[in-house]
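The values are calculated or read from the model by the stated rules, or taken from the named source; none is laboratory data. If you're wondering where the values come from, they're calculated on a predicted model, not measured in any experiment. Here the Cβ positions follow ideal geometry from the backbone for every residue, glycine too, while neighbour counts run over all protein chains shown. Just so you know, the surface numbers come from the protein's heavy atoms only, side chains and all, with ligands and any DNA or RNA stripped out. Shrake-Rupley method; radii C 1.70, N 1.55, O 1.52, S 1.80 Å.
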Amino acid sequence: MPMEELYVFGTGNAQATRCYNTCFAIKDGDEYFMVDAGGGNGILRILEDMDVDLCHIHNIFVTHEHTDHIMGIVWMVRMVAAAMKKGKYEGELQIYCHQGLVDTISTICRLTTIQGKFYKMIGSRIFLVPVEDGETVRILDYDVTFFDILSTKARQFGFTTILKNGRRFTCAGDEPYNAECRPYVEGSDWLLHEAFCLYRDREIFEPYEKHHSTVKEACELATQLNIPNLVLWHTEDKQLARRKELYTAEGREYYQGNLLVPDDREMIDL
């Protein structure tokens, strides 16, 4: 059985300039289930660098409306629609999101760079698919269950699914874990969690004022929930060259499992 992989497209927070905004995909065979697209057309260069063919992305999930997660979708729609018009893209593109994002994504696409001939693909071969809290949808070969992370800012969904190897994979969004989401997160073999900065740097980056957590809190959570594999991202980028080293060192004080602090363009076996 082919190994599923986590394709890490970006790892930075909204203000990051030295790395791309956090977004990723699960690769299954030749297909990708993409989650968010960052804040601009930088996603196109990353896909190119990682040898990801747009024509093998038929499912995208948009977690929420913040710029660093949604604006790259405009470019994905633009490029997929162009490939469709040229006869290079087979099938349909499904873009999943909570109900409130359907009009938002459609409007952004209509008002920005997408020409009419491309915008018309929305509703014909590109579909904005609303999902509800707790709803399970079949995507590729996965039963993906979406859940409201109960954000204090914009409404945001995460998701959980069972991989083909039997492991539970959970994306908890880009805000601290809410205990009411425990039924979706507990028992996960892989947890993707934000870590805005090191705990020791909390007075510099003020994560709590932005409703984010630090490496310490994310690792304490993973320990509490017995998570064997923890991925930390959505970070600051001021010490990017040493981020992996520094975040791993601090995380080891609170978590003894498999701790991963990926860089942009990394691929991780799941």
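The table that follows gives values for the structure above.
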quantity	calculated
Student exercise, segment 1-116 dipole from Lys, Arg, Asp, Glu Cβ charges, in Debye to nearest 20	540
Simple label model, 7 Å out from Cα along Cβ direction - LYS244 to ILE162, nm	3.3
Heavy-atom accessible surface of segment 51-145: percent carbon and sulfur, 1.4 Å	48
Charged-residue dipole, Cβ positions (Lys, Arg, Asp, Glu), segment 119-270 about Cα centre, Debye nearest 20	400
Relative packing of peptides 65-72, 102-109, 165-172 - highest average C-beta neighbours within 10 Å first	65-72, 165-172, 102-109
Solvent exposure of the chain as accessible area per residue, Å², 1.4 Å probe	42
Debye-sum result for the chain in log10 I(q)/I(0), which assumes one identical scatterer on each alpha carbon, at q = 0.08, 0.13 Å⁻¹	-0.30, -0.81
Given charges at beta-carbon only (K, R positive; D, E negative), |dipole| of the chain in Debye	840
Nearest-ten-degree value, helix 99-111 long axis tilted from longest Cα axis of the chain	60
Positive-end residue, segment 1-153 charge dipole about Cα centroid, Cβ charges, pick of GLY123, TYR20, GLY134	GLY123
For the chain, built as a Gaussian network whose Cα springs stay under 10 Å, the top-fluctuating residue of PHE196, PHE24, PHE205	PHE205
Using alpha-carbon coordinates, inclination of helix 67-85 to the longest axis of the chain, degrees	30
Between helix 215-224 and the chain: long-axis angle, C-alpha atoms, 0 to 90°, nearest 10	80
